[in-house]
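Report on the following structure.
Any read-out appearing in this document is the output of simple, stated calculations on the displayed coordinates, not a laboratory observation. Here the structure is a predicted model, which means the values were calculated and not measured. As a convention, Cβ positions derive from the backbone with ideal geometry for all residues, glycine included, and neighbour counts pool all protein chains shown.
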Amino acid sequence: MNFRQTLTHGLWRDLPPFRMVLGLCPTLAVTATAENGLGMGIAVTFVLIFSNMFISLLRKVIPDKVRIASYIVVIATLVVIVELAMKAFFFPLSQQLGIYIPLIVVNCIILGRAEAFASRNPVHLSMADGLSVGLGFSISLTLVGSIREILGVGTWFGMAVFPDSFEPFGFMVQAPGAFLCLGLLLGLMNAWSRRRGEFFIQT
Amino acid sequence: MREIAHLVLVLGVICSLSAAALAYVRTSLAGRIEMQEDFYVRGPALERLFKQPAEGLLTEKLTVPVGDQTYPVFYLREAGEVTGLAVEAAGHGGYSGDIVIMIGLDPRDDRVLGVEIVSHSETPGVGAKVELASFRQQWTGLTLDQPVSLTSDGGGIDAITGATFSSRAMVDGTNQVVEMLRDHRQEILLLIEERSSGGAVSGGEG
Amino acid sequence: MDLFLLVIGSIFVNNILLAQYLGNCPFCGVSKKLGPAIGMGVAVIFVSTLASIFTWIVYHYLLEPQGLEYLKTLVFILVIAALVQFVEIFIKKQSKGLYDSLGIFLPLITTNCAVMGIALLNIKHGFDFVEMIVFSASSAAGFALAILLFASVRERLFISSVPVAMRGTAIALVTAGVMSLAFMGFAGMTN
């Protein structure tokens, strides 16, 4: 892949979590509101860019046998930094996201990109890949969060979008709504890809 | 053998670098995190107790160490006189963990202004009823010269039906404050005087 | 605290998978057939309980006295990764049969957020040692129950005609939504 392709592949071709089915837990868990989704997306993007950078820098130094362990140390360090930074600058958001911030550490997207991309590509490409996949993930999370918040609470980023007579269906902000919303979105995405003759997920 | 040494060396270097990075980030952010915690967690309780914006109150923070515990103390000072003290304590024995409470009192007549819940993780609808004003108002006007207890234990506080554990945790927190104030009341007032006279003197001369 | 309520609560009411969204990757990945689903479920119960014991001890006797609570994410993931390695080696040596049926799931478990999630929840809820073991085992059992039920549903789903675009993960998620709705019926049981 050249630089431009690397920079854009995460936005549609491999858009997580729809076309690269990884990282479902945060997609379901923190998307009750658009704001939480966006916050989580940005946190993941930060970790992705820098974990890809460090792993790419160290790819010739790290022996093959301990590579997963080394990746985990690098990723976990970055996650702790994000955790502390969120507490210091976005305290209410960090309370909202709760244990899902430390759980970024086991988000398969990050380890997946480290193993599949950063460990065999130069630094600038790896960082571009991290940025692209991270942005794609943020967009997806914000999208799912927006749908759930608009339908479930009747607001978008906390602003009312419906007149008072609208009765929000609280189902959407609870667990079943999360699964249903993501499943239907995935189906829509597949239908669209199929129409355009692109590959789509069918496993 | 050489290979294993190599593996250990690489992992060791990565781990120590990460530890160094984390220690640095932690020390540079610790102050800010504490401020944020105070503002978002304690701020609302303090605001309700003293009926004033929290920004000014939070900077007036003392920490009183007693044994292996430390009690955060906030105060309100009007016209050269301390008119309010707020002491935070973690009441043990709640249904699901500690209930952190803040007791406000007027040091002039030692009567309780009110009690506020700083944080808890009790069951919604049962233990979480400790938040209700109808339960908490039992504290208002108490004099903290002796320990309190539930009516079922021969005291004067009516427990919440079905949430004896949560109610007891509140009483436990209160009694910690009672004990702390009995031993350290003068010390705290002196400390406040010292602080504010320092400020007042330099202000007056300037 | 009533341990029985804790068991019921963590298996049904706050099911780790259907109400707390933890462990969805293996949930969708290994739930196509009943056999692997059982294997995964058992492996998670086993590893999760062990991991919780170790992380709880490390947190309360190592990190907390030193004031290093902020390192828990880093330390927990390392403890879990190391533990999974040891379990794998141990099972391989002890029982060939067990290794053949569970072995392939073990590497997957390191990045299973249910295991890490349960370890973190133990700390967040401030459980003591007994509560911690009960909570971890029953949360993991809740995971196993959900993945088992789900695999049975999916085996049926395989032979029904689903719209092409919805096949695979999409219909799996919708099904999970319906199951989650059913599990919501348990809410209120522990109050």
Mean separation of Cα contacts under 8 Å (at least 6 apart) over the residue count of chain C, i.e. the relative contact order in percent, is 44
Rounded to the nearest 0.05, what FRET efficiency is calculated for B:Glu55 and B:Ser119 with R0 set to 30 Å and r the Cβ-Cβ distance?
0.90
Show which lysines lie in cross-link reach of C:Lys33 when reach means a straight Cα distance below 27 angstrom and same-chain residues fewer than eight apart are skipped.
C:Lys92, C:Lys96
Bin width 5 Å, alpha-carbon pairs only: give the P(r) of chain B as whole percents, running from 0 to the bin holding the largest distance.
1, 7, 13, 16, 16, 13, 9, 6, 5, 4, 4, 3, 2, 1, 0, 0
Estimated 222 nm signal from helices in chain B, with DSSP H stretches of n ≥ 4 weighted -39500 (n - 2.57), rounded to 500:
-16000 deg cm²/dmol
Compute the helix-to-body angle for B:164-205: its Cα long axis versus the longest principal axis of chain B, expressed 0 to 90° and rounded to tens.
90
Rounded to the nearest 5, the percent of antiparallel DSSP beta bridges in the protein assembly as shown equals 95
Taking N as the number of residues in chain C, what value does Rg over Cα atoms divided by 2.2 N^0.38 Å take?
1.07
Mean separation of Cα contacts under 8 Å (6+ apart) over length of chain A, as relative contact order %:
35
In this structure, the FRET efficiency calculated for A:Glu198 and C:Val153 from their beta-carbon separation, with R0 = 30 Å, to the nearest 0.05, is 0.55
Tell me, A:Lys87, C:Lys124 in order of fewest to most beta-carbon neighbours within 10 Å?
C:Lys124, A:Lys87
State, as an integer percentage, the relative contact order of the stretch A:69-181 based on alpha-carbon contacts under 8 Å between residues 6 or more apart.
16
Sum -39500 (n - 2.57) across every DSSP H segment of at least 4 residues in chain C, then divide by the residue count to get the 222 nm mean residue ellipticity, nearest 500.
-22500 deg cm²/dmol
Can you sort C:Ser136, B:Ser121, C:Ser180 from fewest to most other Cβ atoms within 10 Å of each residue's own Cβ?
B:Ser121, C:Ser180, C:Ser136
Could you line up C:Cys113, B:Cys15 from fewest to most neighbouring Cβ atoms inside 10 Å?
B:Cys15, C:Cys113
Given R₀ = 45 Å, FRET efficiency for B:His6-B:Gln69 by Cβ-Cβ distance, to 0.05?
0.40
Which distance in Å, rounded to a whole number, links the C-alpha centroids of the stretch B:65-94 and the stretch C:14-43?
48
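Quick one: net charge of B:Ser196's neighbours, Cβ under 12 Å, K/R +1, D/E -1?
After counting each charged neighbour, the total is -3.
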